Amino acid sequence: MTDEVLSDAKLRMQKAVEATRREFASLRTGRANSALLDQIRVDYYQTLTPINQLATISVPEARLLVIQPWDKSATRDIERAILKSDLGLVPSSDGVVIRIPIPTLTEERRKDLAKIARKYAEEGRVAIRNVRREAKEMLEQFEDDGDISEDECRRGLERLQHLTDETIAHLDSLLHTKEQEIMEV
């Protein structure tokens, strides 16, 4: 029983880390990255649709994104959605292809992005702690019901805390890497 609870907690903690990693990928750094556009939804025939489901996104240069819509009528909608996003990107279109130059970041904008990255990391930590709390409650409930012994519960709680510490340390290392990437000139 303890192993099942711990393996479930580990899986859920890893999902929290992956969600945070996706949030980090959507933060703009000085380099072009197609993941920047993952969070943007386009109003396509009254349905909010991710850009990567409407077009091919490529990175031909370090500071340029190119979007080739499969449906040429969606070009204006994609441009509008990019302009509305808080990424600060200005697309230009020739009617067939949308080009998005990635401008260099100012020092102030870099600091703002680092703050946002720290906020995402804190949300990930909170999610991990919530998983720990739920698993802890399950282990204690098993002990109260007599399904596991007091010693087994204590060992399970120690393993759970060790797993939590490892996962949060991994998340912190991802944050450190992302902050360095953002602050790199």
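The values are calculated or read from the model by the stated rules, or taken from the named source; none is laboratory data. Being a predicted model, the structure only gives us computed values, none of them experimental. All Cβ positions, even for glycine, are placed from backbone atoms using ideal geometry, and neighbour counts span all protein chains on display.
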Study note, to complete from the structure: Leu105 fails exactly one of (1) part of a loop (DSSP other than H, G, I, E, B); (2) over 23 Å from the mean Cα position of the chain (by Cα), namely (2)
Exercise for review: Would you mind stating whether Ala62 is assigned by TED's automatic domain parsing to the domain that holds Thr164 and small (Gly, Ala, Ser)?
Suggested key: no
Point to revise | Set Ala117, Ala169, Ala127: member being modelled with pLDDT of 95 or more and under 25 Å from Pro50 (Cβ atoms) | key: Ala127
Check your understanding: Ile148 versus (1) free of Cβ contacts under 8 Å to residues at least 40 places away in the same chain; (2) surrounded by 15 or more Cβ atoms within 10 Å (Cβ to Cβ); (3) assigned to a loop (DSSP other than H, G, I, E, B): which is the lone unmet condition?
Key -> (1)
Exercise for review: Please specify each residue of segment 17-46 satisfying the condition of being assigned to a loop (DSSP other than H, G, I, E, B) and within 24 Å of Val126 (Cα to Cα).
Suggested key: Ser26, Leu27, Arg28, Asp38, Gln39
Exercise for review: Give just the number: which of (1) within 30 Å of Arg133 (Cβ to Cβ); (2) in contact with a helix residue (DSSP H, G or I) (Cβ under 9 Å, 6 or more places away or on another chain) does Glu18 not satisfy?
Suggested key: (2)
**Study point:** Every pair of residues 6+ apart whose Cβ atoms lie under 6 Å, when the first sits in segment 40-63 and is basic (Lys, Arg) while the second is part of a loop (DSSP other than H, G, I, E, B)
**Key:** Arg63/Ala32; Arg63/Ile102
Check your understanding: For segment 99-144, what are the residues that are hydroxyl-bearing (Ser, Thr, Tyr) and without any contact (Cβ under 8 Å) to a residue 12 or more places away in the chain?
Key -> Thr106
Review point. Out of curiosity, is Leu65 at pLDDT below 85, outside any helix (DSSP H, G or I) and buried (at least 19 other Cβ atoms within 10 Å of the Cβ)?
Key: no
Point to revise | Selected residue (only one of Val96, Val90 is free of Cβ contacts under 8 Å to residues at least 24 places away in the same chain and assigned to a loop (DSSP other than H, G, I, E, B)) | key: Val90
